[in-house]
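Some notes on the structure that comes next.
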Amino acid sequence: QPENYSGTKEKVKVVVLDDWFKTSGLSKIDIIKLDIEGSELAALKGMRGILQEQKPVLIVEINPETLSMFNLKPSDICDHLKHSNFEGFLILGEGGLKLFRQPEINNPINILFIHHEKMHLYPDLFKK
């Protein structure tokens, strides 16, 4: 069990983001932050249309401990996004980015993912 797991279970309503977006009145999504205790891959699958059409920047918490509760590994998330043409970057302390080469992830980490078609929009993030 994750260290912050209280032992309490609660039913929550789940919304497929693609369906929500269609009725939200929004025309654009620029950025999405996912930190949903191991359910990140399910959320990514539920926003397939948003990822293909909007290509938002993603900040995804990858936590091996909570992913394991769903029989998932960090590579499952990274591989899914790589196949959708998103590249992962470590967020450096000084605000820059470093290409994420997917070493073994042992602790929770936030990874920034940018679609290949949108990289040119963020040149300052890649300056050394």
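The values are calculated or read from the model by the stated rules, or taken from the named source; none is laboratory data. A quick note: this is a predicted structure, and the numbers were derived from the prediction, not measured. Backbone-built Cβ (ideal geometry, glycine too); neighbour counts: all protein chains shown. We work out accessible area using only protein heavy atoms, side chains counted, and drop any ligands, DNA or RNA first. Shrake-Rupley method; radii C 1.70, N 1.55, O 1.52, S 1.80 Å.
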Residue selected from segment 33-49 under the condition open to solvent by less than 80 Å² (accessible area, probe 1.4 Å) and of a type in the set (Asp, Glu), by the criterion farthest from His115 (Cα to Cα): Asp35
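Yes or no, residue by residue, for (1) among the polar types (S, T, N, Q); (2) surrounded by 14 or more Cβ atoms within 10 Å (Cβ to Cβ); (3) modelled with pLDDT of 95 or more:
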| position | (1), (2), (3) |
| --- | --- |
| Thr8 | yes, no, no |
| Val14 | no, no, no |
| Ile31 | no, no, yes |
| Leu51 | no, yes, yes |
| Asn63 | yes, yes, no |
| Leu67 | no, yes, no |
| Asn85 | yes, yes, yes |
| Leu92 | no, no, no |
Residues of segment 106-126 that turn out to be over 16 Å from Asp35 (Cα atoms) and among the hydrophobic types (A, V, I, L, M, F, W, C), as a count: 5
Per-region count, segment 68-103, residues without any contact (Cβ under 8 Å) to a residue 12 or more places away in the chain and at negative phi: 10
